[in-house]
Amino acid sequence: MSRYTVAVLVRNQFGVLNRVTSLFRRRQFNINSLTVSETESADFSRITVNFEGEEAYKQQLINQLYKLPDVCSIKELESETTVSCELLLIKMENSPETREEIRVAAEAFGAQIVDYSKEAIIYRLSDDSRRIDDFINLMRDYTILEICRTGSVSLEKGSTTIRKVTLF
């Protein structure tokens, strides 16, 4: 199975997200991450979906997405031609025995302390998904109290925009 990233520009309407994600469910794609936000115009939202599936079914999915009335454009994003980023908040146990090791590891990854208490430290890391996975795996050697991470946000490099492939 391959991994894909697709950006979908939609009209900012009630129920659009449900209709888009329902297509993924019906086509039996596993969504790894989903990010939705308003664009530079309040009339549109951008849905970025990272998912796994078979190539032949992916194209069928994209064709079905184009048939939804509120979908304006779709862009498949390739890792070589996009800038992608994800945000991680990770709450670690703050014990004197592991505090320095965790701090050094976090510093090596560029993670920043955003909250500090006697019992816990929260780090914030913004990076690509693979590097965030690596950081989480390293932190598994210690006591992770809680993890919260966003989906990936991605923009194509250069001057091309998703609006330039708009259907309407």
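The values are calculated or read from the model by the stated rules, or taken from the named source; none is laboratory data. Note that this is a predicted model, so its numbers are computed, not measured. Backbone-built Cβ (ideal geometry, glycine too); neighbour counts: all protein chains shown.
Points to keep in mind about this one:
- The residue list Glu76, Glu80, Glu100, Glu93 contains one member that is under 26 Å from Val16 (Cβ atoms) and either loosely packed, with under 15 Cβ neighbours inside 10 Å or not aromatic (Phe, Trp, Tyr) (or both), which is Glu76.
- Some residue of region 130-139 being at positive phi and out of contact with any Pro (no Cβ under 7 Å at 6 or more places or on another chain): no
- Selection count where residues are over 26 Å from Lys118 (Cβ atoms) and touching a residue at least 24 places away in the same chain (Cβ under 8 Å), scope region 79-100: 7
- For region 42-81, a residue qualifies if it is basic (Lys, Arg), in contact with a strand residue (DSSP E or B) (Cβ under 8 Å, 6 or more places away or on another chain) and closer than 18 Å to Phe29 by Cβ, and the qualifying residues are Lys58, Lys75.
- Failed item, numbered, when Arg103 is tested on (1) in a helix (DSSP H, G or I); (2) under 22 Å from Ser159 (Cα atoms): (2)
- If only residues of region 26-62 that are modelled with pLDDT of 90 or more and of a type in the set (D, E, K, R) are counted, the one that is surrounded by the most Cβ atoms within 10 Å (Cβ to Cβ) is Arg46.
- For region 27-50, a tally of residues being of a type in the set (Asp, Glu) and either closer than 20 Å to Phe14 by Cβ or in contact (Cβ under 8 Å) with a residue 24 or more places away in the chain (or both) returns 2.
- Criterion (crowded, with 17+ Cβ neighbours inside 10 Å and in contact with a helix residue (DSSP H, G or I) (Cβ under 8 Å, 6 or more places away or on another chain)) met by exactly one of Leu138, Leu155, Leu125: Leu125
- Asp115 outside the structural domain of Val49 (by TED's automatic domain parsing) and modelled with pLDDT under 95: no
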